[in-house]
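Asker: If you scroll down you'll find the structure; I have some questions about it.
The values are calculated or read from the model by the stated rules, or taken from the named source; none is laboratory data. Being a predicted model, the structure only gives us computed values, none of them experimental. We place every Cβ from the backbone using ideal geometry, glycine too, and count neighbours over all the protein chains shown. SASA here: full protein model, heavy atoms, side chains in, ligands and nucleic acids out. Shrake-Rupley method; radii C 1.70, N 1.55, O 1.52, S 1.80 Å.
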Amino acid sequence: MAERKTSNELRVAIAGLGSIGSKIATALDQGIEGLTLSGVAVRDPARHQAFLKSLRRPPQITSIDQLGDVADIVVECAPSSQLRAIVEPAVKRGKSAVVVSVGGLLDNFDLVDLARANGGRIIVPTGALIGLDAVNAAAIGTIHSVRMVTRKPIDGLKGAPFIVQNDIDIDQLREPLKLFEGTAREAAKGFPANLNVAVALSLAGVGPDRTQVQIWADPTVTRNVHRIEVEADSARFSMSIENIPSENPKTGIITALSVIALLRKQRATLCVGT
């Protein structure tokens, strides 16, 4: 049964309580202006009972297709294979969906049309990048090229489909190895747990087929390193960021913080940045 809305607070529900979802849930429970944690959906509720009981206001536990019934904003923090099952019911109800596994959005882009038809929204957080506001602004004019070079520690790349399919041994690397060069769309298919950043960049700028990406396995780095170079009619700029991995080596700590920052903007009195 759907929870009744009794205040003007925006209700937020989270799909997945891994390294990202649990941090977002904690931040909401501790207090974000105008927002409340109303629901969660997890594969194994028993595994998360201790965490949920530690919250001051434990949320309702529900199935992923019912999250839109108990929330105004549904935050997807699950494997990309679950993206459609989480986002589609929410936007059909006219709700907002914050998509962390943005790489999976490329194969489900009809969800954008579905959201438009039903008054819903799909929101992509900046995630592990910086400067998407600058890319968005440049895209109002003309962007000539966008290029991103990603360097990751070995543990952050293990199990990626591109590496498995091409039988590449990265365990014994002693120096950086360029694994991939191509478009953001191709990168998202080959590295679905690693290249959400490239897809977010492409959607902010010139699209997934014109955004060029290099991916390096680098045993000399301990952080996830991204460098972006943009050529536009309004500006030429480059940006780099070194993200500290979370307990999940494929995900930087800053990814969860980016979603929390986005949620803070939803009802903030003072909002900084485009």
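Asker: Relative to the longest principal axis of the C-alpha atoms of the chain, give the angle of the C-alpha long axis of helix 253-267, reported between 0 and 90° and rounded to the nearest 10°.
Answerer: With both axes taken from Cα atoms, the answer is about 50 degrees.
Asker: Which of Val230, Val40, Val213 ends up with the largest GNM mean-square fluctuation for the chain, with Cα atoms connected below 10 Å?
Answerer: For the chain, modelled as a Gaussian network with Cα springs under 10 Å, the answer is Val230.
Asker: On to the next question. Can you tell me the accessible area per residue over the chain, all protein chains present, probe 1.4 angstrom, in square angstrom? Don't skip to the answer; put the middle values down first.
Answerer: On the way: 13100 Å² over 274 residues.
Per-residue accessible area for the chain comes out at 48 Å².
Asker: Amide H to amide H, which residues 5 or more places from Leu10 or on other chains are under 5 Å from it, using H placed in the peptide plane?
Answerer: Distant-sequence amide H within range of Leu10: Leu35, Thr36.
Asker: With a 10 Å radius around each residue's Cβ, average the other Cβ atoms per peptide and rank 260-269, 52-61, 14-23, highest first.
Answerer: Working: 260-269: 15.5, 52-61: 13.7, 14-23: 23.0.
Result, highest mean Cβ count within 10 Å first: 14-23, 260-269, 52-61.
Asker: Which far-off residues, 5 or more places away or on another chain, put their amide H under 5 Å from the one on Trp216, with H placed in the peptide plane?
Answerer: Residues meeting the criterion, in which the H sits 1.01 Å from N, are Thr150, Arg151, Lys152, Leu179.
Asker: Could the peptides 112-122, 154-164 be put in order, highest first, of the mean number of other beta-carbon atoms found within 10 Å of their residues? Don't skip to the answer; put the middle values down first.
Answerer: On the way: 112-122: 15.5, 154-164: 17.5.
The peptides rank, most packed first, as 154-164, 112-122.
Asker: Of the options Pro153, Pro79, Gln165, report the single residue whose Cα projects farthest towards the positive end of the charge dipole of the chain (beta-carbon charges: Lys, Arg +1; Asp, Glu -1).
Answerer: About the Cα centre, the residue reaching furthest to the positive side is Pro79.
Asker: Any chance you could give the angle, 0 to 90 degrees and rounded to 10, that helix 21-30 forms with the longest Cα principal axis of the chain?
Answerer: For helix 21-30, the angle is close to 50 degrees.
Asker: Rounded to the nearest 5, what % of DSSP beta bridges with both residues in the chain are antiparallel? Present the calculation step by step, with values, prior to reporting the outcome.
Answerer: Details: 24 of 50 bridges.
For the chain, the DSSP antiparallel bridge percentage is about 50.
Asker: Next question, about the same structure. When the dipole is taken about the Cα centre of segment 129-274, and only Lys, Arg (+1) and Asp, Glu (-1) are charged at their Cβ, what size is it in debye, to the nearest 20?
Answerer: It comes to approximately 440 debye.
Asker: Summarise the accessible area of segment 74-221 (1.4 Å probe, protein heavy atoms) by the percent that is carbon and sulfur. Working shown, then result.
Answerer: Numbers: 3040 of 6300 Å².
Carbon and sulfur atoms account for 48 percent of the accessible area of segment 74-221.
Asker: Determine ³J(HN,Hα), in whole Hz, for all residues of segment 102-113 in sequence, where each value follows from phi through the Karplus function 6.51 cos²θ - 1.76 cosθ + 1.60 and θ = phi - 60°; x replaces Gly and Pro.
Answerer: 5, x, x, 5, 4, 8, 9, 5, 5, 5, 5, 5
Asker: Using the crude model of +1 on Lys and Arg Cβ and -1 on Asp and Glu Cβ, and no other charge, please compute the dipole size for the chain relative to its Cα centre, in debye to 20.
Answerer: On the way: 31 positive and 28 negative charges, 153 e Å.
Rounded to the nearest 20 debye, it is 740 debye.
Asker: Of the listed values [x] 8, 34, 38, 17, 3, 0; [y] 7, 29, 35, 22, 7, 1; [z] 6, 27, 30, 18, 8, 4, 3, 2, 1, 0, 0, identify the label whose number matches P(r) over Cα pairs in 10 Å bins from 0, in percent calculated from this model.
Answerer: Matching the structure shown: [y].
Asker: Separate question: According to the square roots a ≥ b ≥ c of the eigenvalues of the Cα gyration tensor, what is the shape class of segment 131-274, taking rounded for a/c under 1.5, prolate for a/b larger than b/c otherwise, and oblate for the remainder? Don't skip to the answer; put the middle values down first.
Answerer: Details: a/c = 2.16, a/b = 1.42, b/c = 1.52.
It comes out oblate by the Cα gyration axes.
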